[in-house]
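The values are calculated or read from the model by the stated rules, or taken from the named source; none is laboratory data. On a predicted model such as this, the values are computed, not experimentally measured, just so you know. Quick reminder, even Gly has a Cβ in these numbers, built from the backbone with ideal geometry, and neighbours come from all protein chains shown.
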Amino acid sequence: MADQSDIRYQAGEAAGQAQMKKDEMMESAQSTAQESKTQAAGFMQQTGEKMMNMAQGAADAVKNAVGIGGRASNDSIPTINTDTNTSTKL
């Protein structure tokens, strides 16, 4: 039959191994959580940029539709003829 000190020693060993295993699992979980957090932040950043670009495109479309949008080049700026036979660029 096993001696009381042997049983206590084995119980202590088992507890120590369980603690080490728990610590390893916690470290792994924390690492995975940090990686997920980093990936989520990157995804949110990209999504935010896409939404801003879409909103800017929509705003530009509305401005162009009502005639107040800016133009990329001066080639297509129309001229307005006035009664005094002069033309003025918009």
Checklist entry - Looking at GLN17, is it of a type outside the set (A, V, I, L, M) and surrounded by fewer than 10 Cβ atoms within 10 Å (Cβ to Cβ)? => result no
Next on the checklist: For the range 17-36, check the following and say yes or no: at least one residue is on the phi > 0 side of the Ramachandran plot and either of a type outside the set (Lys, Arg) or at pLDDT 90 or above (or both).
Outcome noted: no
